[in-house]
1. Among residues belonging to the stretch A:26-43 that are in contact with a helix residue (DSSP H, G or I) (Cβ under 9 Å, 6 or more places away or on another chain) and free of Cβ contacts under 8 Å to residues at least 60 places away in the same chain, point out the one that is farthest from residue B:33 (Cα to Cα).
2. Can you tell which of A:131, A:154 is more than 30 Å from residue A:7 (Cα to Cα), more than 7 Å from chain B (Cβ to nearest Cβ) and within 15 Å of the chain's Cα centre (by Cα)?
3. With (1) more than 7 Å from every other protein chain (Cβ to nearest Cβ); (2) buried (at least 16 other Cβ atoms within 10 Å of the Cβ); (3) touching a residue at least 40 places away in the same chain (Cβ under 8 Å) as the list, and residue B:118 as the residue in question, which single condition is left unmet?
4. Does residue A:64 meet the test of being more than 7 Å from chain B (Cβ to nearest Cβ), modelled with pLDDT of 95 or more, surrounded by 24 or more Cβ atoms within 10 Å (Cβ to Cβ) and assigned to a strand (DSSP E or B)?
5. Looking at the stretch B:1-52, which of the residues that are surrounded by 24 or more Cβ atoms within 10 Å (Cβ to Cβ) and part of a loop (DSSP other than H, G, I, E, B) is nearest to the chain's Cα centre (by Cα)?
6. Among the residues of the stretch B:94-106 satisfying the criterion of being surrounded by fewer than 16 Cβ atoms within 10 Å (Cβ to Cβ) and within 11 Å of chain A (Cβ to nearest Cβ), which is farthest from residue B:43 (Cα to Cα)?
7. Return the only residue of B:83, B:46, B:69, B:91 being farther than 24 Å from residue B:140 by Cβ and either facing chain A (nearest Cβ under 8 Å) or touching a residue at least 60 places away in the same chain (Cβ under 8 Å) (or both).
8. Check the stretch B:140-150 and report whether any residue there is closer than 30 Å to residue B:101 by Cα, more than 7 Å from every other protein chain (Cβ to nearest Cβ) and modelled with pLDDT under 95.
């Protein structure tokens, strides 16, 4: 039996990321899980306008997305608990820069992307920043022949209902492959 | 050591969903994992213009998002292998309707959302449909006191690099909580 939940967002889990920007001349990071893929070259991050970081993204037109591993859950959650207006959150990390000069990235995060702001959607309470990826970085130990090894990355998956952080489980099937058995039946 | 990957999207894993729409008068479903949360009331789905379903979403201004469980991986992958222009993909599922008349939903998916199209971002190869959630539905056995039990839902998580489908792992920490130990230290 289905139960109606009202107009509720159920699109979870999503990967928890640390969004980096230069705000008032200093690097800052904020924890966001309301993210998405816009196309192969771009991503979205939805940030409530109460956040300190939004102004920096708008001013510089750049930001970074850093994907922390489960080992960094304390630091990651901390960056969602406090505002950069009161705490120097960048001091918790080793920060590095890539191609862009105003997209600070976190060394200890296994994956980083530096992004150029290409569009901002203005929702009632949120700025949705759409960023074009300029360059991506991966810890060598998280790479395998086919590309990124997400088991080694160990992303922190987020669900809103229970305010939960979850691990990635096992890889159990191949996309564009496991459905072929049904396709073969339909073709008969 | 970090390795540069070029302008590559690393924002994975994301939940695999079945996007439903009425196309040429009939329900159709397509598998999409390039999704995101725009705000508490809205979601994005990025769909290459080669897809048959895009025209139906544009025509009716509605679509559904259905979250399949790992038990449905064969049917889910099948809907990403074939086009609705050639195969009647809706015949694989029991279809139901909610408030909107043109947002077909899949009974066997533990979670469903019906959405009103509010904006379309035109990327070079993709239509990014932004939908406002009108109503959500959850299988009763996937609900617990705090809301949706994602362990019971069993979403199919997708990674592009290895074309992989993954299970959700264990819930290991509380958001807005586990970082407090670091906050206490910083306050000292």
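The values are calculated or read from the model by the stated rules, or taken from the named source; none is laboratory data. Since the model is a prediction, treat every value here as computed from it, not as a measurement. Every residue, glycine as well, gets a Cβ built from its backbone with ideal geometry; the counts of neighbours run over all protein chains shown.
1. Top of the filtered list is A:30.
2. When all the criteria are applied, what remains is A:154.
3. Of (1) more than 7 Å from every other protein chain (Cβ to nearest Cβ); (2) buried (at least 16 other Cβ atoms within 10 Å of the Cβ); (3) touching a residue at least 40 places away in the same chain (Cβ under 8 Å), only one is false for residue B:118: (2).
4. yes
5. Residue satisfying both the conditions and the ranking: B:16.
6. Among those residues, the one meeting the criterion is B:96.
7. B:46
8. Yes, some residue in the stretch B:140-150 is closer than 30 Å to residue B:101 by Cα, more than 7 Å from every other protein chain (Cβ to nearest Cβ) and modelled with pLDDT under 95.
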